[in-house]
Structure formats: structure tokens, C-alpha cells
1. Among the residues that make up the range 119-133, is at least one of them over 11 Å from Ser105 (Cα atoms) and in contact with a Leu (Cβ under 6 Å, 6 or more places away or on another chain)?
2. Take the residues in the range 20-46 that are of a type in the set (Gly, Ala, Ser) and either assigned to a loop (DSSP other than H, G, I, E, B) or touching a residue at least 12 places away in the same chain (Cβ under 8 Å) (or both), then tell me which one is surrounded by the most Cβ atoms within 10 Å (Cβ to Cβ).
3. Considering Arg121, Arg126, which residue is surrounded by fewer than 16 Cβ atoms within 10 Å (Cβ to Cβ) and among the charged types (D, E, K, R)?
4. Show the residue pairs that are 6+ apart or on different chains and have beta-carbon atoms under 6 Å apart, the first residue being within the range 102-131 and within 14 Å of Val6 (Cα to Cα) and modelled with pLDDT under 95, the second being surrounded by 13 or more Cβ atoms within 10 Å (Cβ to Cβ) and of a type in the set (Val, Ile, Thr).
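The values are calculated or read from the model by the stated rules, or taken from the named source; none is laboratory data. Remember, predicted model here, so these are calculated numbers, not experimental data. No Cβ is skipped: glycine too gets one built from the backbone with ideal geometry, and neighbour counts run over all protein chains shown.
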Amino acid sequence: MSNEMVTAEQLMKRDLTAVMAEDTVEDAMHVLHSHSLSGVPVVDERWRLVGFLSESDILRSVLPSYLEILAQDSFLYGEHELLTKKFSQVRTSAVRDYMQTNCQSVKTTANIMNVADLMLRLRVKRLPVLDGRLLVGIIDRSDLCEYLMNSGGAS
């Protein structure tokens, strides 16, 4: 099978893990951790993609800014307290407040060469696969690497 013939639909995982925009960040973190995922699609009640939440999105929201660190009484001992204070505020917030709404996705018919190129250019590990707006799968870098290993470089 040539690379031009292989599509995202053929390689994607259909066993989907997703969260909803109304879920708390803490609940989403539990989902990420329990499934060993670095990011998760955010869907509505009809499984239409509305965003994507990654570990990086959560970490960015919790890490104190340089100015917040400077405002602490002690440069050496205030960071931990500031970090835990910010996390206590973020963890009960809704996923919608921290998710990426302009997340990239691919269609089921996307050529795997295009999928791989997109992942590398955007520096993402996972891409939602859509049929229209409906989330039908997820494809990640390991799916592409597994395909390469199984194809054995044969033409």
C-alpha cells in the first residue's frame, strides 16, 4: 500500500477519551493521568469537537508569572506557595477557560504524509480526527511510527 493511499481513518484510534468544556480542570487532569495522555479533545454533548486541552495548557495556567514571583515577600521561599495557590484556583475552573479553541484537527480522509507534516510543523503529539465536526478518532505520533514499522519500508 503506498503512502498516498493511507488515510487518518485507517490509522486512527477509535476508542476515544474526551472531556467536556463544563468539566473541571482537576477532572480533566485525572483523565489525562489515568489514560497516560498528554492532551485530550474537548467535545460537546453530540461529540462535536469544541477544543483541545493539553498538559501544557494546564501548566501554563498554573505557573506564576515573573511579576507574581517578584511580588512575593521572598524570592527563595514564595514560589511553592504561589504555585499551590494558583493551582487551587485553576483546578475548580471549567476546562473551557483553559482549552485551546482554535485547535488543529484532520479529516478522516487526510493523507498520513499530511498528518505527519502537520504534527511536526505544529509540534503536537495528537490530532483529533473529524467526520464533519464530529470527533470520530484520534491519531498520534505513535500511530504513525507503528505504521512505518509495520510497513517495513516496503513499496
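1. No - not one qualifying residue is present in the range 119-133.
2. By that ranking, first place goes to Ala28.
3. The unique qualifying residue is Arg121.
4. Partner pairs satisfying both residue conditions: Ile112/Val6.
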